[in-house]
Each structure stands twice: as structure tokens, then as C-alpha cells.
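All remarks here apply to the structure that follows.
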Amino acid sequence: MPAPPEFLQFVDNNADKFIKRLGDAVAIPSISGDASRRGDVVKMAEWLNGQLKAVGVETQLVDLGKHVMDDQELNLPPAILGRIGNDPKKKTVLIYGHFDVQPANKSDGWDTDPFTLVIHEDGRLIGRGSSDDKGPILGWLNVLQYHRENKKELPVNLRCCFEGMEENGSEGLDDLVKKESQPGGWFDGVDCVCISDNYWLNNRTPALTYGLRGLSYFKLTISGPGRDLHSGVFGRMVHEPMTDLITLMSKLVDNQGNILIPGVDEMVEPPTINERAIYERLDYSIADVEQSAGGQIAISDSKVDTLMGRMRYPSLSIHGIEGAFSGVGAKTVIPAKVSGKFSIRLVPPQTPELVEPLVEKYLTDEFAKLNSKNKFRIECLHNGRPWLADINHWNFEAAKIATRAVYQQEPDLTREGGSIPVTLTFAESLGVNVLLLPMGRGDDGAHSTNEKLDRSNFIQGTKLLGTYLYELAAITQGKQ
Ligand code: BES
Ligand code: MN
Ligand code: MN
């Protein structure tokens, strides 16, 4: 039972309307990590809820309570639960996506306003959230719209879970997922999960994804003086917080990517020959990483080592320093309080519970060695465990068949370097297979400037999501 040709035709015929709707979604700056934009995340939830209802989804907005961000208490944006169908003869598929986005300012280096979707003549749809993750969510909406407008039943029962805090650690969502997975909950009876919130490995080969890295995100704060000081007046008289912070931050990782915190890299087994062969087979080259990074900066010349660096090893990145002088000119200040932000991407068997104590002990010991009179504080801002799925499951098989049908290509099977912490929560609390089915390409620039989704990925990706549901229904006919 492949997807009906009318569905594929409908998607082509309505492409411009779909793109316009993507423009409406991008125009709402739903930045979850910016307290001043919280109202826009709520507005985005309401917009999406309206769209879902219009295509026949029964929905509920769930209040997730409050949280503290940057020392402010804020209401969490609501999550959206949804359902269509309850036919015991059909499989029940849960789809997940996030409608919040990363911050973006034109001044970061965007060529155009990040919250106005620009349709470039080369087919790029440029705007914050186009690829991560509004485009994929709208892909599902497009699929549902076909069924609604043409009075066609879906080939599966559908359940939805959309959230507005993913870019900020999915706060509040784990408990909701666990609760709704119980008998009588919205996700009771779910047979498999499909998440479209990642990217192809390159720009030419569709992918199915069976792994994500976990994450532990840290904030290291050094303070001392009661206020910012003049470096001419206080320089060499007092312990400077920036000096201590830079010293500590320089001891986390070396420039070859090795993590210097004892015990962290050591937790991960070296790859076997067979495992290296998996990476050897992937359609990727050093030129791909350098093209998508926008610079000739690959650490290794080996494709396999490069891919393993992202997919099967942990990594530590230094993100920024809060409180440091960062304005124009040459201010001669000694900042009073500075916080370094860094995170570690985790792979099995690492977990936040295993890694965080190692980080805290190491930094505490290293700080003690400095003999500084400043104050030291290390916090973990958020975390998530790594996830790996069974690629031999019918959920992956259906997606493979759908990919062949839409793209006439065999998909790459990938593990991702990024994190979607709720993935593992779905897998564990429902006890079912989870598939990541990406829409965008490796060079979409999620979190970066000029984020884009190619028109063809949006349109073919919509066909892929729909076709996947049909292939899933076909392949599971008669299966328990
Ligand atoms: N869509 C990404 C996850 C992702 C990133 C998948 C790269 C594949 C490749 C997601 O929106 C994201 O950015 N997640 C955060 C999670 C964090 C805030 C807990 C991430 O990976 O930094
Ligand atoms: Mn995402
Ligand atoms: Mn993201």
C-alpha cells in the first residue's frame, strides 16, 4: 500500500501555499531561551494548535507549570497533545516536534531578517526555524491537510506531541510523556514513534537516524570583587575572575578534541574493525564537513575518524563567557563576575549521572590548585542521556521503503551528534521503537546564521512523511 498518487500530486499542487504557511510560522519568534520572547512561544503554541485543529486533530494544550531561567520565574509554554483515529486494526504512530527556535538577530551576521522567510531563487527557504524544527512540523500538517480536504482516512492512528522548550532542555516534558504513556493517557497504545528533527548527513543522500548523543551543559562562575573594577587601579592587586575562569576553561579540552577531564573519554570503548566499516560505508567526505562548516577546519583527514568524532565519541565544546567585556572599543575593565558555559555530548555508556561528578570534582580540584581568593561555583544547567535504536525494526523498514519511493535512493543510516533528550523518554516509557526521519540537509545551518530549508526538501520531505505512514501500515499488516 504505497502512498496514493493523489497525495503526492496534492503536495506538488499546494507547494506555494505550504511555503506561505512556513512563512507564517517563521514570523513568530518563538525563542525559548529568551525570557522576553516567552509570549511569542505561547503565541506559536496557539498558532500551531489552531492549525492542527483545522486539519482535524483533536488537541489539548497542557500547562507545564513554571521554571526559573536566568534568575527569573517564568511560565513554561504549553505542550500540545493531539490525536486522530482509534482503529484497533491500525498501528498507532506518535509524532514529535518542537515549535521553539534558537535565538537569532540580524546582527549575528544574517543576510536578511531571521524572522521573515525569504524564498531565494536557488530554492532555499531562509529563516530561523525553517529547518529546526518548524519545517518538519509543517510537513506533518501538510500531510494531514491532504487527508482532511479529501476526506481520506489516515492509514494509521496518529498521536502528536509538540513542545516549545526543546532548545532549552525540554523542561517539564519528561514528566508529561511518562504520565501520558500510562493506561488511559494520550499515548496509551502507541506502537512506534517518529521524530523529524534532524538532518541528512550531506546534501544529497536522505538519511534515517538511529542514535543521538546525550548532553550535560555546565555553567562555571567565578566571582570576587564587589563590582567591576578599573584595571589600571586594581590590576596586579587583586585576584581577577576572568583570569581564573580562562585558566580553568583551558583545561577542559585540547584542540584535537580530546577531553581532558579524567575518566570521561576513557568510559567509551574503542571501535572494532566492524564498527569502523559502518562509517566507511556512509556517503561523506572531508569536503562535506568543510562545506557545511563554511571553512577548511576538519581536525582529521580521515572520513571515518571525522564521522566517529560526531557520531560515536563524546565531545566537549566551549560556548561562551557571560559577564565578560564584549562591547566595542577597548574597555579597561576587570569584570567582577564571569560565567563560562560549556557542554559535553555523551555517548553510551556515558550518562549525565556518571559524567557530572567527574566534571565537578576535576574543576573543584583545579580551582583549588590556583590558590585564588575568588569564589567558585559549578552548575549543570540541563542534561539528557544518549539514545540508540534498533534499525532492524519495521519502523525503520517502513521509512526505508518510503525513502526509496520518494527519493529513488537508499538512505544513509546515521547516528547524530546532537541531542533531543525526550527521544529516550519516549523509547523507555512507551517501550517502543523510535525513528528519526529527517527532512533537511546537512548544510541547513540549524542554530546558525541564514538557517534554511531547501524547497525540495520541504516538498519531498512532506511526501516522505506521508509515504512513511502508508508504508508503515502496509508492512505491519497482520503483525502484532
Ligand atoms: N534538532 C536538534 C537536535 C539535533 C542537532 C539533531 C544536530 C541532529 C543534529 C535540536 O533542536 C537541538 O538543537 N537540540 C539541542 C538539545 C539541548 C538544548 C538539550 C542540542 O542538541 O543542542
Ligand atoms: Mn530541533
Ligand atoms: Mn535545535
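None of the figures in this text is laboratory data; all of them are computed from the coordinates on show. Bear in mind that the values here come from a model prediction, so they are computed numbers and not experimental data. As a convention, Cβ positions derive from the backbone with ideal geometry for all residues, glycine included, and neighbour counts pool all protein chains shown.
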Charge sum, other residues only, whose C-beta stays under 13 Å from THR425's C-beta, Lys/Arg counted +1 and Asp/Glu -1: -4
As computed over segment 1-105, the Cα convex hull volume per residue (Å³): 135 Å³
Calculated SAXS-style log₁₀ I(q)/I(0) at q = 0.13, 0.25 Å⁻¹ - segment 325-419, Debye, Cα scatterers: -0.73, -1.27
Hydrodynamic radius by Kirkwood, which averages 1/r over all alpha carbon pairs of the chain, in angstrom: 23.7 Å
Additional length obtainable on full extension of the chain from SER285 to THR449, 0.36 nm per residue less Cα span: 56.7 nm
Sites SER300 and THR351, calculated FRET efficiency, Cβ-Cβ separation with R0 25 Å, nearest 0.05: 0.40
Residue order, fewest to most surrounding Cβ atoms within 10 angstrom, among SER250, SER302, SER170: SER250, SER302, SER170
Phi-based couplings in Hz for segment 327-343 (Karplus 6.51, -1.76, 1.60; Gly and Pro marked x): x, 7, x, 9, 5, 9, 10, 10, x, 7, 8, 10, 10, x, 10, 8, 9
Diffusion coefficient, µm² s⁻¹, Stokes-Einstein with Kirkwood Rh over alpha-carbon pairs of segment 138-201 at 37 °C and 0.692 mPa s: 233 µm²/s
Gained length - ASP12 relative to LYS178, 0.36 nm times residue gap less alpha-carbon distance: 55.9 nm
Point-charge dipole on Cβ atoms (K/R +1, D/E -1) for the chain, about Cα centre, debye to 20: 400 debye
Around SER343: net Lys/Arg minus Asp/Glu count, Cβ-Cβ under 11 Å: +4
Convex hull volume per residue for segment 314-366, taking Cα atoms only, in Å³: 104 Å³
Cα-based equivalent ellipsoid of segment 295-343: semi-axis lengths in Å, sorted from largest, via gyration tensor: 35, 15, 6
Fewest-first ranking of HIS147, HIS67, using other Cβ atoms within 10 Å as the exposure measure: HIS67, HIS147
³J(HN,Hα) computed for each position of segment 91-97 - Karplus, 6.51 cos²θ - 1.76 cosθ + 1.60, integer Hz, glycine/proline x: 6, 10, 10, 9, 10, 10, x
Sparse-neighbourhood loop sites, trypsin sites (Lys or Arg not before Pro) in segment 66-167 - DSSP loop, at most 14 other Cβ within 10 angstrom: LYS89, LYS151, LYS152
Point-charge dipole on Cβ atoms (K/R +1, D/E -1) for segment 222-304, about Cα centre, debye to 20: 360 debye
Positive-end residue of GLN51, GLN9, SER130, charge dipole of the chain with Cβ unit charges: GLN51
The chain: calculated mean residue ellipticity at 222 nm from DSSP helix runs of at least 4, using -39500 (n - 2.57): -10500 deg cm²/dmol
Percentage relative contact order, the chain, counting C-alpha pairs under 8 Å, at least six apart: 25 percent
For PHE426, PHE10, PHE234, order by how many other beta-carbon atoms lie within 10 Å, fewest first: PHE234, PHE10, PHE426
Nitroxide proxy distance, nm - points 7 Å out along Cα→Cβ at GLN477 and SER456: 3.2 nm
Hull volume in cubic angstrom per residue (convex hull over the Cα atoms of segment 391-466): 108 Å³
Cα-based shape type of segment 78-125, given that a ≥ b ≥ c are square roots of the gyration tensor eigenvalues and the cut on a/c is 1.5: prolate
Shape box of segment 170-232 [Cα atoms, principal axes, largest first, Å]: 66, 42, 13
Karplus-derived 3J(HN,Hα), 6.51/-1.76/1.60, for each residue of segment 362-370, Hz, glycine and proline x: 4, 5, 4, 5, 5, 5, 4, 5, 6
Global form of segment 212-263, assessed from the alpha-carbon gyration tensor, a/c cut-off 1.5: prolate
